[in-house]
1. Can you go through VAL497, VAL483, VAL454 and tell me which one is under 19 Å from VAL528 (Cβ atoms), surrounded by fewer than 22 Cβ atoms within 10 Å (Cβ to Cβ) and of a type in the set (A, V, I, L, M, F, W, C)?
2. Could you list all residues from the stretch 306-316 that are closer than 14 Å to ASP342 by Cβ and in a loop (DSSP other than H, G, I, E, B)?
3. Name, by its number, the condition in (1) surrounded by fewer than 23 Cβ atoms within 10 Å (Cβ to Cβ); (2) in a strand (DSSP E or B) that does not hold for ASP131.
4. Is the stretch 73-81 home to any residue that is surrounded by fewer than 18 Cβ atoms within 10 Å (Cβ to Cβ) and farther than 19 Å from PHE147 by Cβ?
5. For the stretch 34-75, what are the residues that are free of Cβ contacts under 8 Å to residues at least 40 places away in the same chain and among the aromatic types (Phe, Trp, Tyr)?
6. Residue by residue through the stretch 353-392, note down the ones that are of a type in the set (Lys, Arg) and within 22 Å of the chain's Cα centre (by Cα).
7. Just one of the numbered conditions (1) in contact with a Leu (Cβ under 8 Å, 6 or more places away or on another chain); (2) closer than 23 Å to ASP77 by Cα; (3) not hydroxyl-bearing (Ser, Thr, Tyr) is not true of GLY132; which one?
8. Of the numbered conditions (1) closer than 24 Å to VAL528 by Cα; (2) surrounded by fewer than 24 Cβ atoms within 10 Å (Cβ to Cβ), GLN389 satisfies every one except a single condition; which is it?
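The values are calculated or read from the model by the stated rules, or taken from the named source; none is laboratory data. These numbers were taken from a predicted model, which means no experiment stands behind them. Positions of Cβ are generated from backbone atoms using ideal geometry, with glycine treated the same way; all protein chains shown enter the neighbour counts.
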Amino acid sequence: MPATSLAPRDLGVPVKSVNWVRLFAGKTRAGAPLLLACMGQDAGDFFVCLVDLQTGHCEQYPCNLKHAAFPTAAHFDPQTGLLYVGSSYTGHLHRFDPNLPPAQRRLEDLGRIDPADNMAIFPCRIDVSPDGGVWIGAYGGCSLTRFDPKTNEFRRLGRMDETDMYFYPLCGSDGTVAGLVRVCNPHTVVIDAKTGEHRTVGPTLDTNAGPAAGGGLSAKHLDLVKGGDGLLYIKASTGNLRLRGMTAEPVDAIPEGGTSPTPEPTFPDGSKAKFLDDKSFTFRRVAITKPDGTSREISLDWVGGGTTVFLVHDGPDGKLYGSSILPEHLFRSEPDGSNMVDLGQCSVSGGEAYSMANLGGKIYIASYPAARLSIYDPAKSYRFGEDEQANPRDIGRLDDVAYRPRVALAGPAGKVWVGSVPDYGMWGGTLASYDPAAAKIVSHRHLMQDCSVVSMDWLPDLGLILVGMTIHGGSGTQPKAKVAGFVLWDPVKDAAVWSGTMGLDHIDGVPDICRAGDGTVYATVVSVIPAASKEGKSETIAELVVLDVKGRKVLDRFKLGGEEGWPMEVSMRRGPGGKVFGATKLQVYRLEAGSARPQALWRCGLKEEEQHIGSAGAIIGKTYYFSCGHKVRAIEVG
């Protein structure tokens, strides 16, 4: 159905910050002190700063590669004075030479680390071996690649593990190359630099993700480190091992003074550089401290283009709130977009506020990573912290499993309810509740075995919470459960009273639930339809459905996709006239009573990627709010 003539209004860019920030100190080939900063951003892709050590002025060098937003791996080689950066999700390797004359300096694109599909889209770690080879481990295919700076050629060694996805290489001073595999069954792999042969050595970290790799010994903690002698060591609860070539030998202790994968930035005279505001994700103030303890501060003047908006939320005070992503900053504006302000840090997490809910005039903020809960009172002055007087106040993790708090609901039984996907390498997310009166958190796992909570809404006529599940676990996992569905939860008894599929088949997940004014419930459901034959491929589809919860059945359904776009998570809200409004990546829509067919109010162009909707779901009065990249937008729906 064609969209109406409604057009959205741009309210502004609330946050202009940076992510994946790293400082590198050293010296130029001429011996002069050198300070570099590598910074990611959403609007304009990542850049490198050459910092003036007296003024803090930043000469910015953009990567000039579309979608190269995140410098997820970076390494400064003190022997050559070169900075290597791996960009995500493009999977390219970049090089910056600060020794060149100003007119010749640029951030050089060396090409794709591994052109195979999804093999190296997220570089994890870069290190340089004694022969000058640049080793890059990456997510996607748990891959390892060597780049030769002399020939500018890549040597792709492929997967270092058949099931896991993340690889973090290190190079020893004796030429040994090894890497840490993460996240389901963390263990160490050694590599023959000449032949490319690789094999597992040492123990495997004990997680809930499965058996030890190769049937090896399980450890309670495990890491791959570089000792003070420049050699590589496995540091584990089962005992330390020294790596030499393809062998591992037990040792009593690891020599002190080794370098970490991200060493403290140190100048030739021993002075050290450090961000003073990294904990608040601001990255403007740098302290330079001499060996004698004296320190001075410089302010960096880098310019950011904008940070992606992850969440929009209507606050209890009638104002619009929201969160940016990586870093997580809370922002606020009037409903018309005026007085838009970046309030700053609102959680220890630092990723993004995944969900928010209002209760008792306060905003409860659930953040990624680690599913931490913060409480903000808009009526009081803003000062983030973890102490009793802080506002917002970070009160800690909901539980030891939850990681991505996908949905929050306030009210039932006087509590705030949060549904989450679990930590990396784990299955079975949680439904947690926070009781403000008792300041108590209670959490339940496996509402459906090995499934996670991703959506919910309160059904007052039944006195129950309808919960939507997904079969997916934490990052780095493949689903264990074959099908997800719905759970009816009694908030007073704090227990499930029913679970099932409402007659729907092959449910992969239920990313959104919204109670309608006529007593029915709307939901978006993602299903994986099995292949019709052995040679065929399964099909993933998304549908809008109308549910009769009392009758446990579907009243109407409509397949989304194509011009309608893929549905957004938790975007449906009750609005003017009791109607339900929602969003896909391509449109804002209205739902008529009893019908699952969306009525498009506004639709962006299929090819206008920067206009695609990124988050949605706040309604104030007759206005529906959503984001497109780093911009907040609004459309009148009443």
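1. On the way: VAL497 fails: under 19 Å from VAL528 (Cβ atoms); VAL454 fails: surrounded by fewer than 22 Cβ atoms within 10 Å (Cβ to Cβ).
The conditions single out VAL483.
2. Hits for the stretch 306-316 are GLY306, THR307, THR308.
3. (2)
4. no
5. Correct list: empty.
6. So the first thing to find is which residues in the stretch 353-392 are of a type in the set (Lys, Arg), and the list is 362, 372, 380, 383.
Within the stretch 353-392, just ARG372 meets the criteria.
7. (1)
8. The single condition GLN389 does not satisfy is (1).
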